[in-house]
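All remarks here apply to the structure that follows.
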Amino acid sequence: MSPKRRPAPAPEQLRLFRALPGDMAPRDAQDLMAHPFFALGKSRRTLPIDFRSGTVTVRVEGTLEHGIATIWDADILIWAASQLVEARDAEIPTSRLIRATPYEILRFIGRGTSMRDYQRLRAALDRLQTTSVATSIRETSGRRLHRFSWINEWRELAAADGRPLGIELILPDWFYAGVLDRALVLTIDPAYFQLTGGIERWLYRLVRKHGGHQADGWQFDFRHLHRKSGSSARFSDFACDLRALVARQSLPGYHLSTVRLSRHTELLAFRPVPQTARG
């Protein structure tokens, strides 16, 4: 007589969280701001991001079809983090299962609402779902890796007559837990969504994470920034992009400058701009 098999565990039942209406401050997850989790170009990247520093490991892989999720795709995660923090602060129950309309997401992240914008949103959701992340961040032993995708699954909803009813998406535990930890989320400037360059967007998030409101600002070696960005560009091209950003001074709330210590060592310095001095 064969032994009885144990029944398979029941699937997790998630309470539905409906996106909150109205304007709210954009919030970003600090772990995502400080480490290279996203492709910085709009062309499809299939070369993995492989970053190691001390006990921190970040490896990001994409599929041949979709490539790695980009830093523009990450706007959807900023929207989700903003929703969850707003609800938490209002003592509204939250969940990893979120329902919203594409219009609500696109409006929040400063995009248009044309059919082309809706198609780009779908493509971004696909990249977020098919991107695979393995990281030691928040793993206390420093030896194990947490593996996940930015979105576990997503689907479009429609009425019986075919009328669209919005979308539902499920966030991974790793991201959800980090967002609900007050110490791991920062408010960002809404002008961030208007930044057009990938390195520009990445640098703003890094500066916001490390610079904060320290009067004396912060400094990073160019080569360290190149490694920390996960950029697939040559170092010389990356350095040129940094110098161009210093010339443009386009990061909201911060002033950039360069400091050359030697022929081979150049630093990027940044400090917060007082609110009264902003144009």
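Yes/no matrix, rows are residues, columns are (1) open to solvent by less than 60 Å² (accessible area, probe 1.4 Å); (2) more than 22 Å from Phe51 (Cα to Cα); (3) not aliphatic (A, V, I, L, M):
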| residue | (1), (2), (3) |
| --- | --- |
| Ala134 | yes, no, no |
| Leu157 | yes, yes, no |
| Asp161 | no, yes, yes |
| Leu165 | no, yes, no |
| Leu169 | yes, yes, no |
| Arg182 | no, yes, yes |
| Gly217 | yes, yes, yes |
Of the candidates Arg44, Arg111, the one satisfying the condition of being touching a Lys or Arg at 6+ places or on another chain (Cβ under 8 Å), over 28 Å from Leu14 (Cα atoms), assigned to a loop (DSSP other than H, G, I, E, B) and not hydrophobic (A, V, I, L, M, F, W, C) is Arg111
Quick count over the range 117-172, residues being hydrophobic (A, V, I, L, M, F, W, C), more than 22 Å from Leu14 (Cα to Cα) and part of a loop (DSSP other than H, G, I, E, B), is 3
Limited to the range 94-104, what total is found for residues that are in contact with a Gly (Cβ under 7 Å, 6 or more places away or on another chain) and open to solvent by 60 Å² or more (accessible area, probe 1.4 Å)?
-> 1
Considering the range 228-252 alone, what residues qualify as being of a type in the set (Ser, Thr, Tyr) and closer than 25 Å to Val273 by Cα?
-> Ser229, Ser250
When you look at Thr187, is it touching a residue at least 24 places away in the same chain (Cβ under 8 Å), in contact with a His (Cβ under 6 Å, 6 or more places away or on another chain) and open to solvent by 40 Å² or more (accessible area, probe 1.4 Å), yes or no?
-> no
Filter result (in a loop (DSSP other than H, G, I, E, B) and free of Cβ contacts under 8 Å to residues at least 12 places away in the same chain) within the range 52-89 = Gly54
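Going through the range 68-93 one residue at a time, which ones are open to solvent by less than 20 Å² (accessible area, probe 1.4 Å) and either aliphatic (A, V, I, L, M) or over 16 Å from the mean Cα position of the chain (by Cα) (or both)?
Within the range 68-93, Ile68, Ala69, Ile71, Ala74, Ile76, Leu77, Ile78, Ala80, Ala81, Leu84, Val85, Ala87 qualify.
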Spot the failing condition for Asp241; the list is (1) loosely packed, with under 13 Cβ neighbours inside 10 Å; (2) in contact (Cβ under 8 Å) with a residue 24 or more places away in the chain; (3) part of a helix (DSSP H, G or I), and only one is missed.
-> (1)
If we ask which residues in the range 105-129 are surrounded by fewer than 17 Cβ atoms within 10 Å (Cβ to Cβ) and touching a residue at least 60 places away in the same chain (Cβ under 8 Å), their number turns out to be 1
Pull up the range 247-268, narrow it to residues that are over 23 Å from the mean Cα position of the chain (by Cα) and open to solvent by less than 70 Å² (accessible area, probe 1.4 Å), then point me to the one that is farthest from Ile199 (Cα to Cα).
-> Ser262
Taking the range 39-66 as the search range and keeping residues that are basic (Lys, Arg) and closer than 21 Å to Leu145 by Cα, which one is surrounded by the most Cβ atoms within 10 Å (Cβ to Cβ)?
-> Arg59
One residue from Ala191, Ala183 being over 25 Å from Leu268 (Cα atoms) and small (Gly, Ala, Ser) | Ala183
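The values are calculated or read from the model by the stated rules, or taken from the named source; none is laboratory data. Source: prediction; values computed, not measured. Backbone-built Cβ (ideal geometry, glycine too); neighbour counts: all protein chains shown. These area figures cover heavy atoms from the full protein model, side chains too; ligands, DNA and RNA do not enter into them. Shrake-Rupley method; radii C 1.70, N 1.55, O 1.52, S 1.80 Å.
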